[in-house]
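Here's the structure we're looking at; comments come further down.
The values are calculated or read from the model by the stated rules, or taken from the named source; none is laboratory data. Because the structure is predicted, anything quoted here is derived from the model rather than measured. Methodologically, a virtual Cβ is constructed for each residue, glycine included, from the backbone with ideal geometry; neighbour enumeration extends over all protein chains shown. Note: areas computed on protein heavy atoms with side chains; ligands, DNA, RNA excluded. Shrake-Rupley method; radii C 1.70, N 1.55, O 1.52, S 1.80 Å.
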Amino acid sequence: MSSTELPETRTADAAPTAPRPRAVRVADGEELRSVALPGLTLTVRARSGDTPGLPPALYVHGLGGSSQNWSALMPFLADVVDGEAVDLPGFGDSPPPDDGNYSVTGHARAVIRLLDAGGRGPVHLFGNSLGGAVATRVAAVRPDLVRTLTLVSPALPELRAQRTAWPTALLAVPGVAGLFARLSRDWTPEQRVRGVLSLCYGDPGQVTDEGLRHAVEEMERRLELPYFWDAMARSSRGIVDAYTLGGQHGLWRQAERVLAPTLLVYGGRDRLVSYRMARRAAAAFRGSRLLSLPDAGHVAMMEYPETVATAARELIADHDARHDGS
């Protein structure tokens, strides 16, 4: 409510109105827009390039994340790309999809539909965790939409997942998300955020007081959404299903089909995607380059945005040089 508005009043017998959802935080230099597609509405966070005519980039977040996960990185690349970050269906400020499809393929289809509708392809495509699996699938099935591919701790199938990743996988089991929601109902938003930070950051102490406050506010907003746990559970199930999918639709097989120049970023302190997967990923993505960050956790683009941006900038520059024939 702004300072010029008066509080609403209602009579005793008037029907109560549902509270408005809290507003999503928008950093300086960012803009939010809503893209309506048949059966799907996506929120897109845009940070325009510093100069007109820069090539487009699209950033895809991970499980439980949102487009805000890229707010630290995007400014460091604004001089080379025109950036947009999408809230996947059911996350951030995007409502659930009408068909309830939270599979990796469903999320990939949403990204493809967004790019096709906006005519922004081909893009420099970025993905983290679940978003990395989604981006891999997009690059494999629609190479015409991808200039380069940057994957930060991509959620690709592991034979032996780390124990710290087991709770996330358990969310895929029917009923577990609801049980966890009940068991944790007395946890404060700050307790939840600190738990997430300890899981996702190599050093949670890097998070500033302001960053913690913003994260708590976002957690408070998400917990008010009636579909929060359902989106988490169904997307977790989608990752598990993708891990067990074989043949040409398997993620490792699709990684081998990616034609776009690829940058892989892995953190030595990642508790969700094992650092040992870096070597396999580097072998699967042809001609890929690897950035290893020993002190990073699962979200290197948030922990070390300048370092990740430097590597991504080199990838983009090399692509542009070859594309220009120089």
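Sorting T262, T51 by solvent-accessible area of protein heavy atoms yields T51, T262, largest first, with a 1.4 Å probe. Each Lys and Arg Cβ is given +1 and each Asp and Glu Cβ -1; about its Cα centre, the stretch 13-129 then shows a dipole of about 140 debye. Accessible surface for R222 stands near 30 Å², nearest 10, in the context of the full protein assembly shown (1.4 Å probe). Largest accessible area first, the listed residues D99, D270, D320, D28 line up as D28, D99, D320, D270 when surface is computed with a 1.4 Å probe on the assembled protein chains. Extension gain for the segment D320 to R142, taken as residue separation times 0.36 nm less the Cα-Cα distance, is 62.1 nm to one decimal.
Seen from A46, the other residues with C-beta closer than 10 Å to its C-beta sum to a net charge of -1, counting Lys and Arg as +1 and Asp and Glu as -1. Label-to-label distance for H249 and D209 is 5.2 nm, based on points extended 7 Å past Cα in the beta-carbon direction. The accessible area of W229, taken with all protein chains in place and a 1.4 Å probe, comes to roughly 60 Å². Would you give the gap between the C-alpha center of the stretch 292-326 and the C-alpha center of the stretch 241-261, rounded to a whole Å? So the two Cα centres are separated by 23 Å. Computed over protein heavy atoms with a 1.4 angstrom probe, the accessible surface ordering of S235, S103, largest first, is S103, S235. F76 sits with roughly 80 Å² accessible to a 1.4 Å probe, with DNA, RNA and ligands left out of the calculation. The local environment of A255, defined by Cβ-Cβ distances under 11 Å, has a net charge of +4 under the rule Lys, Arg +1 and Asp, Glu -1.
Here the label points at D28 and E306, each 7 Å from Cα along the C-beta direction, are separated by 1.8 nm in the simple model.
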